[in-house]
Amino acid sequence: MKTQSQESSQVQNLVSAIGWFSIALGVVEVLAPRATARTTGIEQRAVLLRSYGACELACGVGVLCARKPGKFLLARLCGDLLDLATVTVARRRAGRAMGAALGIAAITAVDAYAARACSRAGFQRRDAVSAATHDYSTRTGFPGTPSAMRGAALSDFETPRDIKGPRELLPFTRQNDGAPTRSSV
């Protein structure tokens with residue numbers, strides 16, 4: 001009998017495998033649509049296969065990156081059904097089309113199992129980044145209130161003796177009464 005953590009770990013591994021498979025299939029369909037069409041027996045559908053490849057890529061990235069990948073797995077499942085319908089309707093070579101249909105049916109079954117497992121309450125990827133949000137609306141970025149900070153930089157500032165220049169460009173300093181005056185060098 002499997003524990004819940006073992007089953008969750010197996011589902012995690014299956015979801016990751018499906019995501020990587022989807023990306024690999026999408027790359028093949030986008031980069032080599034004619035060869036994929038010949039292999040599956042649905043020739044003259046290169047543009048259609050390229051669009052299916054783009055969908056596979058999007059679903060694969062979503063499955064791998066989402067904290068709750070169930071919706072992306074359902075999108076993959078719908079794409080598998082669409083692939084199956086395309087192979088069934090557009091078949092040119094019966095043997096290749098039958099083999100492709102069987103392969104798609106097997107992948108559809110795996111996707112359906114994973115989507116059902118992910119639809120259970122509380123399923124989340126263990127490697128997902130937590131989306132904790134912090135409220136910074138009351139922070140100003142200053143260590144004190146604005147009235148306490150006014151003039152704080154000038155309160156203990158001493159003009160270095162090695163600063164030479166026109167008197168107008170020398171920085172202000174404070175004397176004992178707190179009134180800013182020009183430093184004398």
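Just so it is clear, none of the values below were taken in a lab; they were calculated from the coordinates. Values in this document were obtained by computation on a predicted structure and should not be read as measured data. Note that each Cβ is placed from the backbone with ideal geometry, even for glycine, and that neighbours are counted across all protein chains shown.
Quick rundown of the values:
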{"item": "Total formal charge among the other residues, if their Cβ is under 15 angstrom from that of VAL28, Lys/Arg +1 and Asp/Glu -1", "result": "+1"}
{"item": "Cα gyration tensor shape of segment 4-118, rounded if a/c is under 1.5, else prolate or oblate by comparing a/b with b/c", "result": "prolate"}
{"item": "From phi via Karplus (6.51, -1.76, 1.60), per-residue ³J(HN,Hα) for segment 81-90 in Hz, x at Gly/Pro", "result": "5, 5, 4, 4, 5, 5, 5, 5, 7, 9"}
{"item": "Value of relative contact order over segment 33-90, rounded to a whole percent, pairs C-alpha under 8 Å and six or more apart", "result": "29"}
{"item": "Calculated FRET efficiency for the pair SER137/GLU158, C-beta based, R₀ 35 Å, to 0.05", "result": "0.40"}
